[in-house]
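A short reminder: the numbers here are calculations on the coordinates, not readings from a lab. Note that the coordinates shown come from a computational prediction; the quantities given were computed from them, not determined experimentally. Cβ: placed from backbone, ideal geometry, glycine included. Neighbour counts: every protein chain shown.
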Amino acid sequence: MPEALFAILRATMGFYSRHIFPRLMDWVMSSQDFQRLRTDLLQDARGEVLEIGFGTGLNLVHYPASISRLSIVDPADLLPKRVSERIATVSFPVQAKHVTAETLPYPDRRFDTVVSTWTLCTIPNPVQALREVSRVLKPEGTLLFLEHGRSDDHTTAAWQDRLNPIQNVIGCGCHLNRQIDRLITQAGLRIADLDRFLLPGVPRLAGEMYRGRATPCPA
Ligand SMILES: C[S@@+](CC[C@H](N)C(=O)[O-])C[C@H]1O[C@@H](n2cnc3c(N)ncnc32)[C@H](O)[C@@H]1O
């Protein structure tokens with residue numbers, strides 16, 4: 001009997017992660033506050049750009065038209081029709097690959113800009129992914145990041161730790177309690193700017209934001 005129960009649970013979670021979660025995520029993360037943050041961050045993208053954890057393509061319209069190309073990686077193929085329609089609206093070339101950020105299929109020093117928005121919370125091995133980001137960035141290149149993560153407030157952080165297993169399930173792998181700046185420096189990148197703030201309209205547990213820029217350390 002437990003096997004039958006596990007099979008039903010697996011099927012339910014499979015349906016949820018393929019059909020319900022992407023629509024929910026797309027709806028929540030396209031609100032005005034999210035859009036304003038995306039525009040502010042991405043105005044600094046330039047040249048050859050890589051975005052990790054592309055999701056449903058909500059960043060696309062916020063890139064400056066002047067970027068020369070956007071490469072995107074995400075192991076999942078979320079809402080493919082919606083993503084194709086969004087890609088069709090931009091004037092720069094877009095190349096998609098369904099691979100993980102932990103093993104990027106690009107040569108060293110290929111990109112001027114790497115972008116990560118609300119993605120380091122979900123990548124199973126974020127430090128390995130960030131090491132890959134450092135490898136594929138040109139020495140003068142920049143990682144632009146906009147992520148939610150661990151609170152500096154001890155009480156909030158304790159609740160983030162407690163509720164993390166539940167968030168893992170309902171957020172399809174999302175962690176509430178990752179200290180984003182520490183992950184970035186652990187991977188050998190240097191943080192040039194870091195802005196911490198609370199995302200309006202989002203519960204504090206998931207609204208503790210880390211926004212900034214990081215650069216590869218000189219070899
Ligand atoms: C919360 S969504 C954010 C989507 C998008 N970055 C945005 O700002 O709307 C997290 C994304 O990370 C992707 N992801 C999960 N594991 C990944 C990995 N190992 N490498 C790259 N992306 C991953 C998920 O498929 C999902 O699209």
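So the values come out like this:
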read-out: Ordering of 54-63, 37-46 by burial proxy (mean other Cβ atoms within 10 Å per residue, highest first); value: 54-63, 37-46
read-out: Gain upon complete extension [Trp27, Gln186; 0.36 nm per residue less C-alpha separation]; value: 54.0 nm
read-out: Size of electric dipole in the chain: Cβ of Lys, Arg +1 and of Asp, Glu -1, about Cα centre, debye, nearest 20; value: 240
read-out: When the convex hull of its Cα atoms is projected in every direction, mean area for region 130-204 (nm²); value: 6.0
read-out: Cβ-defined net charge surrounding Asp112, 15 Å radius [Lys, Arg +1; Asp, Glu -1]; value: +2
read-out: Alpha-carbon spread of the chain, three principal axes, descending order, Å; value: 57, 42, 33
